Amino acid sequence: MNNLTLSLLTFVLLSTVSLLSMYLHPRLAEHHRDGDTSAAVGKIANIFVVITSLVFGLLITSTKSTFESIDRNIHGYATSLILLDRTLRNYGSDAVGARVALTAYVKEAIAHPAQTDELEDLPADTAGQALDAVGTAIDTMRPADSFHEHILTDARSQYHDVVRQRWTIVEQSEGALPNPIIAMLIAWLTIIFVSFGYRAPKNAVVISMLLVSAMLISASLYLVLDLGIPFKGPIHISYQPYHRALHEMQKP
């Protein structure tokens, strides 16, 4: 289930349970609607309000930290690509093929900045194949003297760093939020909205506020979930570092 569908279902669930609770409240027996019962329901709801606030805050902190970590890795990765290109440029004309392959890889990386978290997408890793071509081109280079041999050693080391950084980013591209935590959070929100409807007067203002609150909570949940998948959705990592790297590589 994607994040948007989950958020819409959450909105429907919260809206339904709050309005249903409001509708059923007047039809309950008197002893289910007295002051003691309302006070008990309110105290129980307050417990879940506090827990939900803490968990939701932790989720925001966790996803924000992951997002910022990947953003730093993307900038570092783009820097490594530029440095590898500079090393190949210093090697001379024999490294033209490797530089062309590296440029082709960066173009492919811009089109596919990271693999998705779906296993069936992995065999079609065109960006990975383009990066392998860079390694193959470097392996075919034969240094003519000790100067070029030293540069080639640096190029190979930088290439291996690029591969390692790329797969670090690929592994980080998957959603980091555990589904059981999300399910428990939605269950707590459901209890809270049931208590809201139980204690609320039945009028247009209250109903509107319940619906708006359910919508905003669901939208917040969607944004947090989307933040945990940094290469998809409206909140995603900027690809500008890749474009800057490509621009540097294409300079004469």
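When peptides 134-143, 32-41 are ranked by their average number of other Cβ atoms within 10 Å per residue, the highest-first order is 134-143, 32-41. For the chain, the tally of Lys pairs with Cα-Cα distances below 30 Å comes to 5, considering only residues 8 or more apart or on different chains. Each of (i) 1.24; (ii) 0.99; (iii) 0.96 is a candidate for Rg/Rh (Cα atoms, Kirkwood Rh); the one calculated from this structure is (i). Within the accessible area of segment 25-66, the carbon and sulfur atoms contribute 68%, probe 1.4 Å, all protein chains present.
Using heavy atoms of the protein chains and a probe of 1.4 Å, the accessible area assigned to K107 is about 110 Å². Candidates I169, A204, G76 compared by Cα position along the dipole of the chain: farthest toward the positive end lies A204, with charges placed on Cβ.
Ranked from largest to smallest solvent-accessible area, with a 1.4 Å probe on the protein heavy atoms, T87, T126 come out as T126, T87. Placing +1 on the Cβ of every Lys and Arg and -1 on the Cβ of every Asp and Glu, with nothing else charged, gives the chain a dipole about its Cα centre of roughly 880 debye.
Seen through its C-alpha gyration tensor, with square-root eigenvalues sorted a ≥ b ≥ c, segment 179-252 comes out oblate because a/c lies at 1.5 or above while a/b is not bigger than b/c.
Which residue, P234, L152, S195, has the largest displacement toward the positive end of the dipole of the chain when charges sit on each Cβ (Lys, Arg +1; Asp, Glu -1)? Result: S195. When the helices of the chain are scored as -39500 (n - 2.57) per DSSP H run of n ≥ 4 and the total is divided over every residue, the value at 222 nm lands at -26500 deg cm²/dmol. Note on H236: accessible area is roughly 90 Å² with a 1.4 Å probe, heavy atoms of protein only. The shape of segment 1-80 comes out oblate: with a ≥ b ≥ c from the C-alpha gyration tensor, a/c is at least 1.5 while a/b does not beat b/c. At a probe radius of 1.4 angstrom, the accessible area of the chain per residue rounds to 55 square angstrom.
Considering only C-alpha atoms, what is the centroid distance from segment 51-80 to segment 214-252, in Å? Answer, in whole Å: 12.
The values are calculated or read from the model by the stated rules, or taken from the named source; none is laboratory data. Worth saying up front: this structure is predicted, and the values here are computed from it rather than measured. With ideal geometry, Cβ positions are generated from the backbone for all residues, glycine too; neighbour counts draw on all protein chains shown. With ligands, DNA and RNA removed, areas are computed over all heavy atoms of the protein, side chains included. Shrake-Rupley method; radii C 1.70, N 1.55, O 1.52, S 1.80 Å.
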